[in-house]
Every structure is written in structure tokens, then in C-alpha cells.
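Notes follow once the structure below has been shown.
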Amino acid sequence: MPLDTRSDLSDEALLVAFAGGDGAAARILTLRLTPRVLAHATRLLGSRAEAEEVAQEAMLRLWRQAPRWRPGEARVTTWLYRVVANLCIDRQRGARGGTVPLDAEAEPRDPAPGAPERLQQRARAEALQAALARLPARQRQAVVLRHIEGLANPEIAGIMEITVEAVESLTARGRRALATALAARKEELGYVDE
């Protein structure tokens, strides 16, 4: 099967093809999933360097799981998000005898020229990251999966192994806490009502 038509296959079909020895399927799946896994880990940990290690470990676990993968039981992304979340929790527990605040490490500098728009976007991202760091871990995970990753509540429930109602409760409480935390910085961040 030509590479360009294989890129239209589902994640699950590509994983099964990889398990059958198809190296091209692995490349397509890696290119498709790694950026999402890395972004998710970065949001949960607040550290690009740690997130890269988590993303690498998550993808390795996916490749080891491939021969045992049973299509139809779960989506690859649902399984992968759960693995990333668990790896992040393990990493946070192991560091400093407890958890590591998400804002403990500065976000990497943007190499582009420092235009005012870029500075404001950075301030907004940092403010959001700091506010996310103050949320309880489960609220933070639910908010990130729902409002940053754009996943649906049933999929989040599967990842977090809770009910859809619990997801709705966690995201609602998380949104309220974020709104409260960011309200005082509205003007500073350029969110002025017109």
C-alpha cells in the first residue's frame, strides 16, 4: 500500500499494521501522535525537557503494546493520553519527594523577534500555566484535556477512568478557579472589555 494512502488510515489500523511488521505505518503514526503527546505532557508538567522524556517513554510503551493491541477496545489516543498522564504523575511524585509545580521551570524562549504580540501571547500563556499549576491535579488534567486538547467528555472520562459527570464537575470547578485566578490580571494581559 503506498505511503500516501496509508496516512488516511486510523491510528488503530496503523498500530495493527506496525505490529504486523509495517515500518512505514510506525513512521506515519509517530509523526501523527508525537506532537500531540509532547504538547500534552508539556502542559501537564510545565517543562519541555521533562515532557520530551515522557513523550519518548509513552511512544515506546505504545510500540511495546502494539502486538497485544485489540482493535475496538480503546482508541490509541485515549490509551496514549492515559499513559502520558500516569507518567507525568509518577514524575511529579518522584521529584522533590512530592509534586513539582507546573510553573517551576520557565517556558522556552521564542527565538523569533520580540514583537509586542509575541510578548503578550507569552504573558498570557505563562499566566494560564501558573493558574493551571494551582489547580488540583485531577482538575488540571480534566481542564487540559477538555479545553486545550479539545477532547470530548466521554473520551476524557475514559482516560481519567471516571464518569462523564465527574469530568463535567472537574472541568466546571477548574474553569471557575482559572477565571478567578486570572480576573485580576485581565487588563495586564490585554483582555480589556470594549
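The values are calculated or read from the model by the stated rules, or taken from the named source; none is laboratory data. Computed from a prediction, not measured in an experiment: that's the story for all the values here. Every residue, glycine as well, gets a Cβ built from its backbone with ideal geometry; the counts of neighbours run over all protein chains shown.
Remarks
- Cross-chain or 6+ apart pairs with Cβ under 8 Å, the stretch 82-93 first and in the same structural domain as GLN139 (by TED's automatic domain parsing), then assigned to a helix (DSSP H, G or I): none
- Where LEU62 falls short, out of the listed (1) buried (at least 17 other Cβ atoms within 10 Å of the Cβ); (2) under 22 Å from ALA142 (Cβ atoms); (3) in contact (Cβ under 8 Å) with a residue 12 or more places away in the chain: (2)
- Of residues in the stretch 37-51 being among the small types (Gly, Ala, Ser) and more than 15 Å from LEU80 (Cβ to Cβ), the one surrounded by the fewest Cβ atoms within 10 Å (Cβ to Cβ): ALA49
- Qualifying residue in the stretch 22-29 (condition: surrounded by 15 or more Cβ atoms within 10 Å (Cβ to Cβ) and β-branched (Val, Ile, Thr)): yes
- Only listed residue being in contact with an Asp or Glu (Cβ under 9 Å, 6 or more places away or on another chain), in contact (Cβ under 8 Å) with a residue 40 or more places away in the chain and not basic (Lys, Arg), chosen from PRO67, PRO71: PRO71
- For first residues located in the stretch 163-188 and surrounded by 13 or more Cβ atoms within 10 Å (Cβ to Cβ), partners that are assigned to a helix (DSSP H, G or I) and among the β-branched types (Val, Ile, Thr) and lie 6+ apart or on another chain with Cβ distances below 6 Å form the pairs VAL167/ILE156; THR171/VAL143; GLY174/VAL143.
- No other residue among PRO154, PRO113 is modelled with pLDDT under 85 and over 23 Å from THR34 (Cβ atoms) apart from PRO113.
- Qualifying residue in the stretch 16-36 (condition: within 19 Å of ALA85 (Cα to Cα) and not in a helix (DSSP H, G or I)): no
- VAL54 farther than 21 Å from GLN129 by Cα and surrounded by 12 or more Cβ atoms within 10 Å (Cβ to Cβ): no
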